[in-house]
């Protein structure tokens, strides 16, 4: 069995995003499929780890906790996805994973877009690659995606370019495999085109 770490597109202000209100973005679905994830994040908040990410930053010159991520090991993937109605997976088929929870800048925030400084966003991406290496060096596979390009409204081309930079700078070399799992659609097309153009 390979040790796998996935990326949780976290809300750095609200534990689990809109999970308790029935929202259906990526973090909320992870909370449904990994029953202990919400509790783990809630406990992190009680220990002072929230807020984190871009929501803590009012100016690029004062990043605060912009590039912070949370790392959670030993999570059991116990339920299927939406297509199964989040059905319980038989014990023999359940898998244990780790997650790195990172918050992208929310460009659709009612109170106004969060700071989206590219150097700081790249700092988040560096943290995503480095956290498994530091806290869980047995991780062999890192599963990423179109980070922040859904509910938070970030440009997939900008984000793909930052991931390309990270890979070119050798951050992916810490793993046997780096996978981009992006559902079919605009984000997947843009990431694929960008990676192809830049020969990654």
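Could you grab me the full set of residues in region 17-32 that are surrounded by fewer than 24 Cβ atoms within 10 Å (Cβ to Cβ), within 14 Å of the chain's Cα centre (by Cα) and touching a residue at least 24 places away in the same chain (Cβ under 8 Å)?
25, 26, 29
Considering 50, 86, 71, which residue is touching a helix residue (DSSP H, G or I) at 6+ places or on another chain (Cβ under 7 Å) and more than 23 Å from residue 152 (Cα to Cα)?
86
Residue 96 - would you say it is under 24 Å from residue 128 (Cβ atoms), in a strand (DSSP E or B), at pLDDT 95 or above and under 15 Å from the mean Cα position of the chain (by Cα)?
For residue 96, the condition - under 24 Å from residue 128 (Cβ atoms), in a strand (DSSP E or B), at pLDDT 95 or above and under 15 Å from the mean Cα position of the chain (by Cα) - is not met.
List the pairs whose first member sits in region 127-140 and is closer than 14 Å to residue 8 by Cβ, whose second member is at pLDDT below 95, and whose Cβ atoms are under 8 Å apart, counting only residues at least 6 apart or on separate chains?
132/174
The values are calculated or read from the model by the stated rules, or taken from the named source; none is laboratory data. What you see is a predicted model; the values in this text were computed from it and never measured. Note that we place each Cβ from the backbone using ideal geometry, even for glycine, and neighbour counts take in every protein chain shown.
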